[in-house]
Amino acid sequence: MKIAVLGGTFNPVHIGHLMLAEDVRLEFGYDKILFIPACIPPHKSYKAVVSDEDRLNMLRLATSSNPHFIVDDCEINRKGLSYTLDTIYDLESRYQNEIEGKIGLIIGDDLLSGFDTWHMADTLALRIRLIVGKRQMSNLPLESKFPFSPLTNPVMPLASSDFRKRVKNGESCRYMVPDAVYDYICKNKLYGVEWLEQLTQQVVNFAQESVKKSRFEHILRVAQTSSDLCRKYGVNEKFGYFAGVAHDICKDFPDKQLIDLARQDNMEISEIEMQKPALLHGRAAAIVLNQKFNLDFDEYADIMEAVRYHTFGKCGMSPLAKILYIADKIEPGRPHVTKEYLAQFEDMGLDELMLYVLKENVDYLENKGCAVADETYRLMESLCQEK
């Protein structure tokens, strides 16, 4: 029986792993591919994120339909640093009467250049057949002091970290992993797949307790309008809904509290804002999102920008920030917002719609004799120049 090994953290296992294993099996004629999740990988900074049991369960679900794939938990059971040479010795002992030839060791071409740094690499190379699959988009020839067999597989530069990053950014990641694995992740709430939904509900609850009923209803309408506009203009809908939910959570705070919160963003408080501290509610909301809900300013810059600047706007706003500004002004609870009013926007681009709504708002404020922030005028001027 010919055996090959595919090791890794499998955090989580994804379709790239499965395709690589199947390509190796078919191209080199292996009978079994062993998927061996590491306990502690020696060559990478590893944070558990999910339990060993969950990683094993996901692997078993991913491989269950292929009789040539086997999940082996030897490295997890062995504990400590997972040295590949120890695993090869273990497999040679367990399969000593069944193995035909050397055990195959599957790695990606991104690991080949550093293979000589692996634990007892010279000894390891003598005991295995090193199989190198393509993971990088490069036409450069592969080089190593160790003999290896290159795989002619299609390049799929997919990594488990890509999955985790997309989850963190609120992006879809369903088809990066097998359906059974995705269902398991959702059912067990792994990797924070539902983090944004949970956080959104927490902010909704906070808003319901912090603002009056009519404003809370406005918040929900803005959130839905923002989500709808995000779908139309190709922006993350979940981020749009969350920003809408968060934008007015501080609107009914006392003036002193708004000023104290706004001062924490280290930006100047303008004369208009000092005269009417309620205008600081967007800046205050961003601080509350950071301090109470642990939303990082840098990681979620678009959301923070949208919430912070939805009152006055600012030059260079992100698409999400423009959408929230617009949604706040054209949500269906506004007296002037009718089906006919909204119909005129159907064919407008985002910047065109932003300029229209911005001008309309400035005209409204000027006609009422209200002061308009300098930043709002600068934004309108910049949009006119870009038109």
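Condition check ((1) among the hydroxyl-bearing types (Ser, Thr, Tyr); (2) surrounded by 14 or more Cβ atoms within 10 Å (Cβ to Cβ); (3) within 35 Å of the chain's Cα centre (by Cα); (4) within 15 Å of residue 310 (Cβ to Cβ)) across all residues:
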residue: 341; (1), (2), (3), (4): yes, no, no, no
residue: 347; (1), (2), (3), (4): no, no, yes, no
residue: 357; (1), (2), (3), (4): no, yes, yes, yes
residue: 363; (1), (2), (3), (4): no, no, no, no
residue: 366; (1), (2), (3), (4): no, no, no, no
residue: 372; (1), (2), (3), (4): no, yes, no, no
residue: 375; (1), (2), (3), (4): no, yes, yes, yes
residue: 381; (1), (2), (3), (4): no, no, yes, no
residue: 386; (1), (2), (3), (4): no, no, yes, no
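For the stretch 338-353, indicate whether the set of residues that are under 30 Å from residue 210 (Cα atoms) and assigned to a helix (DSSP H, G or I) is non-empty.
Initially, the stretch 338-353 is screened for residues under 30 Å from residue 210 (Cα atoms), giving 338.
Applying the additional criterion that residues be assigned to a helix (DSSP H, G or I) yields none.
No; the residues of the stretch 338-353 include none that is under 30 Å from residue 210 (Cα atoms) and assigned to a helix (DSSP H, G or I).
If you go through the stretch 287-308 one residue at a time, how many are more than 19 Å from residue 215 (Cβ to Cβ), touching a residue at least 40 places away in the same chain (Cβ under 8 Å) and open to solvent by 30 Å² or more (accessible area, probe 1.4 Å)?
2
Listed here are the residues, each with its yes/no results for (1) β-branched (Val, Ile, Thr); (2) open to solvent by less than 10 Å² (accessible area, probe 1.4 Å); (3) within 30 Å of the chain's Cα centre (by Cα).
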| position | (1), (2), (3) |
| --- | --- |
| 49 | yes, no, yes |
| 54 | no, no, yes |
| 103 | yes, yes, no |
| 111 | no, no, yes |
| 114 | no, no, yes |
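So, in the stretch 120-141, exactly how many residues are of a type outside the set (D, E, K, R) and open to solvent by 70 Å² or more (accessible area, probe 1.4 Å)?
The first filter runs over the stretch 120-141 and keeps only residues of a type outside the set (D, E, K, R), leaving 120-121, 123-126, 128, 130-133, 136-141.
Right, trim to open to solvent by 70 Å² or more (accessible area, probe 1.4 Å) and you get 120, 126, 136-137, 139-141.
Total satisfying the criteria: 7.
Does the stretch 267-274 contain at least one residue that is of a type outside the set (A, V, I, L, M), closer than 19 Å to residue 170 by Cβ and modelled with pLDDT under 95?
Narrowing the stretch 267-274 to residues of a type outside the set (A, V, I, L, M): 268, 270-271, 273.
Still in the running and closer than 19 Å to residue 170 by Cβ: none.
Scanning the stretch 267-274 turns up no residue that is of a type outside the set (A, V, I, L, M), closer than 19 Å to residue 170 by Cβ and modelled with pLDDT under 95.
Taking the stretch 79-89 as the search range and keeping residues that are at pLDDT 95 or above and open to solvent by 50 Å² or more (accessible area, probe 1.4 Å), which one is farthest from residue 55 (Cα to Cα)?
89
When both residues are 6+ apart or on different chains and their Cβ atoms are under 6 Å apart, which pairs have a first residue that lies in the stretch 195-209 and is touching a residue at least 12 places away in the same chain (Cβ under 8 Å) and of a type in the set (Lys, Arg), and a second that is in a helix (DSSP H, G or I) and surrounded by 18 or more Cβ atoms within 10 Å (Cβ to Cβ)?
none
The values are calculated or read from the model by the stated rules, or taken from the named source; none is laboratory data. Predicted, not measured: the structure shown is a model, and the values here were computed from it. Counting neighbours? That spans all protein chains shown, and the Cβs are built from the backbone with ideal geometry, glycine included. Ligands, DNA and RNA are stripped out before the accessible areas are found, and what is left, the full protein with its side chains, is counted by its heavy atoms. Shrake-Rupley method; radii C 1.70, N 1.55, O 1.52, S 1.80 Å.
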